[in-house]
Amino acid sequence: MRTLFAILTAGLLAAPRAALAAIGCTLSNPAEDLKYLLPEMTSYKEDLKEFPRLKDGALLFKSLAARLGGGLDPIYETYETPYTVYSVYKGQEKIGVVHGVNVPGKGGVIQVFLSTDPKTAAIKRFFFQRLESPAAAALRDKAFRAQFEGLTLADFYKHDYYAAAQPGARADKVAQLAPPKVEAAGKPDYDAAVRGVRKDLVLLDLFVYGRRFEPFFEKARKALTEGGKP
């Protein structure tokens, strides 16, 4: 009886952890939220993206850490984590692609959403759906968030090279971002927010944009290895 009880208890305890390990990020009220982001919207479509359902999904997931520039979070960045992509339309024309991610912050999970241009994959708008942080007011500041508009994943991949080989290079758009004035306690959440933007762009490149920025990743990695320029 003790053995059976132990088995049942272990199963009950493991279930919440397994469920917790696949936490996605969706808009709280997509119809209203998307209309706010893109007032000309007439319709939208939701697509669920999961690595296990993608062709070569295991290999793509294995490559994710390198493209994010570090390790993966065991709660919000697992192989089973679901992702929701919103395609926004005006009539028959696609006018935006919206996607959000969870990243761990000092005060709790931070939900970073991007609205991107369906033609260029550049950021149109960057916003937080959830942010509990000592730096919340500074991070939500419109002027701070506006700096990210127009950036693409290529800019983040190029930053990897410049940060190591040419710190302060004027061509490094990511390095030119002006951090908000926050106390030391809020700095981790600024770093988490920037990582969230990058993560969003990486996933969109995999899920939506056909890995169009992969050449920039390979070029930057080669430059770091061989000492050339991206």
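Overview of values
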item: Theoretical ellipticity at 222 nm over the chain - DSSP helices of four or more residues, -39500 (n - 2.57) apiece, nearest 500; result: -13000 deg cm²/dmol
item: Modelled label reach - Gln129, point 7 Å along Cα→Cβ, segment 63-89 residues with backbone N closer than 11 Å; result: 83-86
item: Near-label residues of segment 61-92 by backbone N, under 20 Å of a point 7 Å along Cα→Cβ of Glu218; result: 61-69
item: Rounded if a/c under 1.5, otherwise prolate or oblate - segment 142-189, Cα gyration tensor axes; result: oblate
item: Cβ crowding within 10 Å averaged over residues, with 87-97, 184-194, 162-172 ranked highest first; result: 184-194, 87-97, 162-172
item: Protection-proxy order for peptides 69-79, 102-112, each taking the mean of Cβ atoms within 10 Å per residue, highest first; result: 102-112, 69-79
item: Segment Leu48-Lys142, extension gain: residue separation times 0.36 nm, minus the distance between their alpha carbons; result: 30.9 nm
item: Taking Thr225, Thr26, Thr116, Thr42 and counting other C-beta atoms within 10 Å, the order from fewest to most; result: Thr225, Thr42, Thr26, Thr116
item: For Arg198, Arg140, order by how many other beta-carbon atoms lie within 10 Å, fewest first; result: Arg140, Arg198
item: Surrounding net charge for Asp205, when Lys and Arg each add one and Asp and Glu each subtract one, Cβ distance under 9 Å; result: +2
item: Difference of contour (0.36 nm per residue) and Cα-Cα distance, Thr84 to Glu149; result: 21.3 nm
item: Segment 23-226 shape via C-alpha gyration tensor axes, a/c threshold 1.5; result: rounded
item: C-alpha center-to-center spacing [segment 137-161, segment 177-213] in angstrom; result: 7 Å
item: Principal-axis tilt of helix 2-20 within the chain, Cα atoms, nearest 10 degrees; result: 20 degrees
item: Relative contact order for the chain, counting Cα pairs under 8 Å that sit 6 or more residues apart, in percent; result: 17 percent
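None of the figures in this text is laboratory data; all of them are computed from the coordinates on show. These numbers come from a predicted model, not from an experiment. All Cβ positions, glycine included, derive from the backbone under ideal geometry; neighbour counts span all protein chains shown.
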